[in-house]
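First the structure, in the form of structure tokens, and then the observations on it.
The values are calculated or read from the model by the stated rules, or taken from the named source; none is laboratory data. Nothing here was measured: the structure is a model prediction, and the numbers come from that model. For neighbour counting, all protein chains shown are included, and Cβ atoms are generated from backbone atoms with ideal geometry for every residue, glycine included.
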Amino acid sequence: MLLAADVTGKWSFAVETGAGSGTPSFTFVQKGTALTGTYQGMVGEAPLKGKVEGDKIEFVVATGSGELRYSGTITGAETMAGKADYPEIGAATWTAKKEK
């Protein structure tokens, strides 16, 4: 049986959208499959909530302009990648690396 990954820690993201790219950072706290934490990026700082099941991760960042929705796959102990949906921009892709 595959054990669920633990993504607790600080992560650097590289996000590509139709409107350009960004490099937000996320601090995740994982307890079991429950995920909480903080987003820091273009729209300032905001809380996040989500879940990790196996190698899948999903989370939502609640901002003043709407919800940023992220989903993806944990590809290694310190890497993950996926897609995001931004309220005013639309679809995006992302990759992430865990900071040491």
message: Can you pull out every residue in the range 51-100 that is without any contact (Cβ under 8 Å) to a residue 60 or more places away in the chain, farther than 16 Å from GLY9 by Cβ and either touching a helix residue (DSSP H, G or I) at 6+ places or on another chain (Cβ under 8 Å) or not in a strand (DSSP E or B) (or both)?
response: GLY54, ASP55, GLY64, SER65, PRO87, GLU88
message: Within the range 82-97, take every residue that is of a type in the set (A, V, I, L, M, F, W, C) and surrounded by 15 or more Cβ atoms within 10 Å (Cβ to Cβ) and give me the one that is farthest from GLU67 (Cα to Cα).
response: ALA96
message: Of everything in the range 5-38, what is in contact with an Asp or Glu (Cβ under 7 Å, 6 or more places away or on another chain) and either more than 20 Å from LYS100 (Cβ to Cβ) or without any contact (Cβ under 8 Å) to a residue 24 or more places away in the chain (or both)? Give them in sequence order.
response: THR33, THR38
query: If you scan the range 32-50, which residues turn out to be of a type in the set (Gly, Ala, Ser) and either loosely packed, with under 14 Cβ neighbours inside 10 Å or not in a strand (DSSP E or B) (or both)?
result: GLY32, ALA34, GLY44
task: Have a look at VAL29, VAL15, VAL7 and point out the one that is surrounded by 14 or more Cβ atoms within 10 Å (Cβ to Cβ), outside any loop (DSSP other than H, G, I, E, B) and in contact with a strand residue (DSSP E or B) (Cβ under 6 Å, 6 or more places away or on another chain).
output: VAL15
- prompt: Which condition breaks for GLY20 when tested against (1) over 19 Å from GLU78 (Cβ atoms); (2) at pLDDT 95 or above?
  reply: (2)
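Quick grid of which residues meet (1) among the β-branched types (Val, Ile, Thr); (2) touching a Gly at 6+ places or on another chain (Cβ under 7 Å):
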site	(1), (2)
GLY37	no, no
THR63	yes, no
GLY72	no, yes
ILE89	yes, yes
- prompt: Which one of the conditions (1) out of contact with any Pro (no Cβ under 6 Å at 6 or more places or on another chain); (2) farther than 20 Å from LYS100 by Cα does GLY66 fail to meet, given that it meets all the rest?
  reply: (1)
